[in-house]
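These notes concern the structure reproduced below.
The values are calculated or read from the model by the stated rules, or taken from the named source; none is laboratory data. This one's a predicted model, so the numbers in the text were calculated from it and none came from an experiment. Cβ: placed from backbone, ideal geometry, glycine included. Neighbour counts: every protein chain shown. Side chains included, ligands, DNA and RNA excluded: accessible areas come from the protein's heavy atoms. Shrake-Rupley method; radii C 1.70, N 1.55, O 1.52, S 1.80 Å.
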Amino acid sequence: MGKTLFDKVWDAHVVTTAEGGIEILYIDKHLIHEVTSPQAFAELEERGIKLFRANKIVATADHNVPTIDQHLPIKDDLSRFQVNKLTENCAKFGVELYGLGHQYQGIVHVIGPELGITQPGMTIVCGDSHTSTHGAFGSIAFGIGTSQVAMVMASQCLLQQKPKKMRINVNGQLKAGVLPKDVVLYIIAKLSANGGTGYFVEFAGNVFREMSMEGRMTVCNMSIEMGARGGMIAPDDITVEYVRGREFAPKGEAFKKAAAYWKSLATDADAVFDAEYSYSAEDIEPMITYGTNPGMGIKVTDAVPSEDAFSGQESFNKALAYMGLEAGESMIGKQINYVFIGSCTNSRIEDLRLAAQVVKGHKKADNVHAFIVPGSKQVEAQAKAEGLDRIFEEAGFQLREPGCSACLAMNDDKIPAGEYCVSTSNRNFEGRQGPGARTFLASPLVAAVAALEGKIADVKPYLN
Amino acid sequence: MKKEFKELTATAVPLPIENIDTDQIIPARFLKATSREGFGDNLFRDWRFDAQGNPKADFILNDNRYSGKILVAGRNFGCGSSREHAAWSIHDFGFKVVVSSFFADIFKGNALNNFLLPVQVSEEFLQEILAAVIANPATELKIDLPSQTITLVETGKSESFAIDGYKKMCLINGFDDIDFLLSLKDKIESYEQQAVKF
């Protein structure tokens with residue numbers, strides 16, 4: 001029987017199998033950040049354990065950093081202490097850190113790929129559930145808890161039961177205005193917020209093959225939102241060309257060899273999956289969520305449903321009450337006062353270019369606070385080099401400095417209680433963007449249009 | 001924090017809500033600590049307290065009738081963020097077991113690594129347990145890890161639950177993964193010698 005992409009990468013990383021079938025999985029790259037690493041460093045120190053392979057760890061500060069005046073000391077005492085603790089730990093343990101002020105600083109899932117740290121065929125972990133992003137390269141990448149961060153620090157390994165395998169095929173021609181974010185929101189709406197639990201997902205079909213690497217990252221990023229540990233897309237020429245020439249990518253002959261290996265990882269024709277779903281690209285339209293989990297998504301032009309196929313009526317009613325929405329209400333025309341374009345889902349240069357293209361020559365609506373948070377210093381620099389900063393400024397959008405920002409509102413970038421925000425991030429949980437904040441997840445296109453209109457609006461008039 | 005777990009008979013707190021995500025269990029703004037202690041104070045923070053910090057009377061953890069070492073919650077408990085702080089806050093608050101009909105993967109792993117036992121039961125049994133506990137807060141549940149059973153004490157109704165054999169051994173004996181992984185150092189180093197190099 002043939003092997004899947006997932007099998008090939010997984011099997012290449014099994015050190016040994018323990019009693020009961022649990023496998024010891026070797027980890028090639030360990031990304032860390034300030035929020036989920038301090039207790040792991042502390043545990044190692046308490047137990048007198050050294051880092052097993054310090055050169056396989058890369059650190060950045062992203063979750064808890066301000067997006068304004070990053071050159072100044074962080075005002076919030078706890079945040080400053082946590083970020084400083086990361087700097088201190090990295091110095092003490094000899095870990096490469098791209099902290100605040102560094103030209104490579106940014107959201108951990110943005111900098112890994114753009115620096116060529118993320119490569120096909122690797123196993124990659126980070127104390128962050130959106131580590132699934134790196135699966136876009138055909139790597140096995142997943143989020144771990146802090147105890148596991150300590151395990152990888154101590155041994156470069158994790159104890160893992162091999163998950164089940166799912167394939168999701170999307171074939172056909174996407175309509176104009178339908179972005180990778182819409183594709184993944186559509187899939188999650190079909191499968192629910194826990195439809196992928198226990199599985200590792202492979203995204204297959206011409207829609208993903210034709211997607212840019214950044215689009216693939218957006219899709220794999222949200223694998224976790226259907227409960228899956230991760231998502232993957234087979235490495236192809238698009239992958240190879242993206243990695244080529246990046247700072248930490250192999251060079252010369254080594255790159256040629258690596259590229260040949262990467263392209264050999266694709267799922268064999270006779271491989272079998274534990275579950276498989278297929279969707280038509282033509283059925284997908286610009287999406288938006290109305291509820292408090294990412295599975296509660298509908299077409300922007302749809303009305304709020306009266307029930308959710310996957311959650312009980314009580315949970316459904318609770319979600320609608322929190323969101324201040326009525327069943328049957330149209331999403332189009334709903335006034336929103338905040339628009340956030342950013343997060344590890346949609347803060348890359350293509351997202352910013354698209355937003356700039358939409359808002360160029362227009363002004364944001366007076367009621368809207370619109371801010372754009374680039375995923376990294378490099379994305380920020382690129383945006384400025386292309387003049388996107390001026391387009392945003394003229395349209396009344398703020399271009400901030402890199403970080404996780406209003407995706408999880410650990411810093412000052414909070415949406416006030418009761419306010420609606422169209423957000424390109426990945427979670428619409430209660431209070432995710434600040435206590436009482438109400439989140440509508442959408443693509444950068446839907447978000448940019450909402451900022452101009454001051455309300456949720458159809459994107460069609462903005463397509464050219 | 002790390003101890004061991006064999007069996008427990010205790011009362012429970014019912015939380016019949018589905019898809020409880022880790023942002024509800026412990027909101028991100030409380031993740032700024034650099035130690036593992038004290039997270040119980042902010043468990044379910046925005047459901048427990050209003051913006052002024054006053055307890056919300058209608059939330060179950062503020063209802064004096066219900067208490068215990070077992071949290072019984074709706075399907076897909078612990079979805080969302082990988083923050084282990086969610087498991088720490090539940091454990092720190094005093095719970096030793098969470099019962100649900102479905103757990104998110106990362107949360108389940110995090111809980112086990114902190115000696116907080118996730119017990120997955122059928123949806124029918126979950127509803128039965130919730131109804132019994134809501135009707136009578138003195139209802140006791142017995143969780144027996146060696147035999148992998150959960151029993152509604154008053155009716156004797158019981159169901160078995162699954163747990164990975166290795167993690168079961170760790171919980172019963174108070175072992176942890178780091179010790180085990182460190183014992184495999186030679187194997188890990190020889191793997192590195194033959195692995196595809198990156």
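Among the residues examined, B:S89 does not qualify as modelled with pLDDT under 95 and under 23 Å from A:T292 (Cβ atoms). Which of the residues belonging to the range A:197-221 are farther than 18 Å from A:K165 by Cβ, charged (D, E, K, R) and more than 11 Å from the chain's Cα centre (by Cα)? Selection gives A:R209, A:E210. Just the residues that are over 12 Å from the mean Cα position of the chain (by Cα) and at the interface with chain B (Cβ under 7 Å from one of its Cβ atoms), please, taken from the range A:130-147. Of everything in the range A:130-147, those that are over 12 Å from the mean Cα position of the chain (by Cα) and at the interface with chain B (Cβ under 7 Å from one of its Cβ atoms) turn out to be A:I144, A:G145, A:T146, A:S147. The conditions of being of a type in the set (S, T, N, Q), in contact (Cβ under 8 Å) with a residue 40 or more places away in the chain and either touching a helix residue (DSSP H, G or I) at 6+ places or on another chain (Cβ under 9 Å) or open to solvent by 30 Å² or more (accessible area, probe 1.4 Å) (or both) are not met by A:S79.
Name the residue, out of A:T118, A:T16, that is over 26 Å from the mean Cα position of the chain (by Cα), at pLDDT 95 or above and among the polar types (S, T, N, Q).
On the way: A:T118 fails: over 26 Å from the mean Cα position of the chain (by Cα).
So the residue among A:T118, A:T16 that is over 26 Å from the mean Cα position of the chain (by Cα), at pLDDT 95 or above and among the polar types (S, T, N, Q) is A:T16.
Taking the listed residues A:D302, A:D270, the one that is at pLDDT 95 or above, out of contact with any His (no Cβ under 8 Å at 6 or more places or on another chain) and farther than 30 Å from A:K164 by Cα is A:D302, with no other qualifying.
Among the residues that make up the range B:96-103, is at least one of them of a type in the set (S, T, N, Q), open to solvent by less than 20 Å² (accessible area, probe 1.4 Å), facing another protein chain (nearest Cβ under 9 Å) and outside any loop (DSSP other than H, G, I, E, B)? Write out each step before concluding.
Going through the range B:96-103, the residues of a type in the set (S, T, N, Q) turn out to be B:100-101.
Of the ones still in play, those that are also open to solvent by less than 20 Å² (accessible area, probe 1.4 Å) are B:100-101.
After this cut, where a residue has to be facing another protein chain (nearest Cβ under 9 Å) as well, the list is none.
The answer is no, given that none of the residues of the range B:96-103 is of a type in the set (S, T, N, Q), open to solvent by less than 20 Å² (accessible area, probe 1.4 Å), facing another protein chain (nearest Cβ under 9 Å) and outside any loop (DSSP other than H, G, I, E, B).
Would you mind stating whether B:N110 is in contact with a helix residue (DSSP H, G or I) (Cβ under 7 Å, 6 or more places away or on another chain), buried (at least 19 other Cβ atoms within 10 Å of the Cβ) and touching a residue at least 40 places away in the same chain (Cβ under 8 Å)? Outline the logic, then answer.
Working: in contact with a helix residue (DSSP H, G or I) (Cβ under 7 Å, 6 or more places away or on another chain): yes; buried (at least 19 other Cβ atoms within 10 Å of the Cβ): yes; touching a residue at least 40 places away in the same chain (Cβ under 8 Å): no.
Answer is no for this residue.
Tell me, yes or no, whether the range B:139-159 has at least one residue that is in a helix (DSSP H, G or I) and either open to solvent by less than 10 Å² (accessible area, probe 1.4 Å) or at negative phi (or both). Looking for residues that are in a helix (DSSP H, G or I) and either open to solvent by less than 10 Å² (accessible area, probe 1.4 Å) or at negative phi (or both), one finds none in the range B:139-159, hence no.
Residues are listed down the side, and each one gets a yes or a no for (1) closer than 19 Å to B:A104 by Cα; (2) of a type in the set (S, T, N, Q); (3) within 14 Å of another protein chain (Cβ to nearest Cβ):
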position	(1), (2), (3)
A:K162	yes, no, yes
A:M166	yes, no, yes
A:N169	no, yes, no
A:G172	no, no, no
A:A176	no, no, no
A:D182	no, no, no
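Does A:A406 satisfy the condition of being out of contact with any helix residue (DSSP H, G or I) (no Cβ under 8 Å at 6 or more places or on another chain) and more than 14 Å from every other protein chain (Cβ to nearest Cβ)? Spelling it out, it is not the case that A:A406 is out of contact with any helix residue (DSSP H, G or I) (no Cβ under 8 Å at 6 or more places or on another chain) and more than 14 Å from every other protein chain (Cβ to nearest Cβ). Kindly indicate whether any position in the range A:339-360 is open to solvent by 10 Å² or more (accessible area, probe 1.4 Å) and farther than 29 Å from A:S132 by Cβ. Yes, some residue in the range A:339-360 is open to solvent by 10 Å² or more (accessible area, probe 1.4 Å) and farther than 29 Å from A:S132 by Cβ.
Give B:I178, B:I172 a once-over and let me know the one that is assigned to a helix (DSSP H, G or I) and either within 18 Å of A:Q161 (Cβ to Cβ) or within 13 Å of chain A (Cβ to nearest Cβ) (or both). First the steps, then the outcome.
Working: B:I172 fails: either within 18 Å of A:Q161 (Cβ to Cβ) or within 13 Å of chain A (Cβ to nearest Cβ) (or both).
Exactly one of B:I178, B:I172 is assigned to a helix (DSSP H, G or I) and either within 18 Å of A:Q161 (Cβ to Cβ) or within 13 Å of chain A (Cβ to nearest Cβ) (or both), namely B:I178.
Go through the range B:48-76 and give me each residue that's assigned to a strand (DSSP E or B) and within 13 Å of chain A (Cβ to nearest Cβ). Give the derivation first.
Here is the first cut: in the range B:48-76, the residues assigned to a strand (DSSP E or B) are B:49, B:55, B:70-73.
B:F49, B:A73 - these are the residues of the range B:48-76 that are assigned to a strand (DSSP E or B) and within 13 Å of chain A (Cβ to nearest Cβ).
Looking only at the range B:85-94, decide whether some residue is in contact with a Ser or Thr (Cβ under 6 Å, 6 or more places away or on another chain) and of a type in the set (D, E). No, every residue in the range B:85-94 fails to be in contact with a Ser or Thr (Cβ under 6 Å, 6 or more places away or on another chain) and of a type in the set (D, E). Among the numbered conditions (1) touching a Phe, Trp or Tyr at 6+ places or on another chain (Cβ under 8 Å); (2) open to solvent by less than 60 Å² (accessible area, probe 1.4 Å); (3) outside any loop (DSSP other than H, G, I, E, B), the only one that B:D92 does not meet is (2). If a residue must be open to solvent by 30 Å² or more (accessible area, probe 1.4 Å) and under 13 Å from A:V243 (Cβ atoms), how many such residues does the range A:261-280 contain? Final tally of qualifying residues: 2.
Just give me the residues in the range A:29-44 being farther than 26 Å from A:V9 by Cα and more than 12 Å from chain B (Cβ to nearest Cβ), in sequence order. Scanning the range A:29-44 gives no hits. One residue stands out in the range A:295-314 among those that are crowded, with 22+ Cβ neighbours inside 10 Å and either under 20 Å from A:A448 (Cα atoms) or of a type in the set (G, A, S) (or both): the one that is farthest from the other protein chains (Cβ to nearest Cβ), namely A:V300. Of all residues assigned to the range B:35-47, at least one qualifies as being more than 30 Å from A:E45 (Cβ to Cβ), in a loop (DSSP other than H, G, I, E, B) and either open to solvent by 40 Å² or more (accessible area, probe 1.4 Å) or more than 9 Å from chain A (Cβ to nearest Cβ) (or both). Residue count for the range B:77-89, restricted to those that are within 12 Å of the chain's Cα centre (by Cα) and assigned to a loop (DSSP other than H, G, I, E, B): 2.
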